[in-house]
Amino acid sequence: MRPTQTEAPEYFFRYINLVKADSVEEAVAHHSQALKEFYNAIPESKADYSYAEGKWTVKEALQHLIDAERVFTYRALRFARKDTTALHSFDENGFAKNSFANERTLTSLKEEFNTLRASTDIMLQALNEEQLNTPGTANNKPQTVNAIGFIIFGHLLHHQIILCERYLQE
């Protein structure tokens, strides 16, 4: 089912609301292939492009998506396994600065992205209803595994919009 307002902090609903699905399983079925096709179609000519001074390059944006998905998936796994340890937030800008994404090829980033996406989808599809409904705490805010599944897809969709509007226009 779609996450309710009590399943995640309000700021995550900017991502959740982008997901066109009524369940995590439906989100995987509806969004995974289209997202893979979009991100794999980013041309090499745009790899080092940044739309403004101080903004991430396309490679840094893709590395951010990889890093964020790993963090979100880690949270989902911990919560699904009933680990009640409160988890910290992560500094996306600090991660980006220390990722050295611009030293990598766009091809290698796409390969990592594809592998991670496939792994995430398999994990999400393996979760049962009890696991999806399990809450946990990250960044001092409660959230459910179900909400995190939607956040993963919504975050990818959010950045797809940004890339289309600011990076990939001819």
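The values are calculated or read from the model by the stated rules, or taken from the named source; none is laboratory data. Computed from a predicted model, the values in this text were never measured in an experiment. Reconstructed Cβ throughout: ideal geometry from the backbone, glycine too, with neighbour counts over all protein chains shown. Only protein heavy atoms, including side chains, enter the accessible area calculation; ligands, DNA and RNA are left aside. Shrake-Rupley method; radii C 1.70, N 1.55, O 1.52, S 1.80 Å.
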- Task: Skip the ligands, DNA and RNA, and give the accessible area per residue of segment 126-170 with a 1.4 Å probe, whole Å².
- Result: 45
- Query: With each label point set 7 Å from Cα along the Cα-Cβ vector, what nm distance links Ala86 and Thr6?
  - Reply: 2.0
- Reachable lysines, given that their alpha-carbon falls under 24 Å from the alpha-carbon of Lys59 and they are not under 8 places away in the same chain: Lys36, Lys46, Lys97, Lys110
- Task: May I ask you to give the percent of accessible area on the chain that is carbon plus sulfur, with a probe radius of 1.4 Å?
- Result: 52
- Per the Cauchy relation, a quarter of the hull surface: what is the mean projected area of the convex hull of the alpha carbons in the chain, in nm²? 9.5
- Query: Magnitude of the Cβ-charge dipole of segment 45-92, K/R +1 and D/E -1, about the Cα centre, nearest 20 debye?
  - Reply: 340
- Where the only charges are on Cβ atoms (+1 Lys, Arg; -1 Asp, Glu), what is the dipole of segment 1-112 about its Cα centre, to the nearest 20 debye? 180
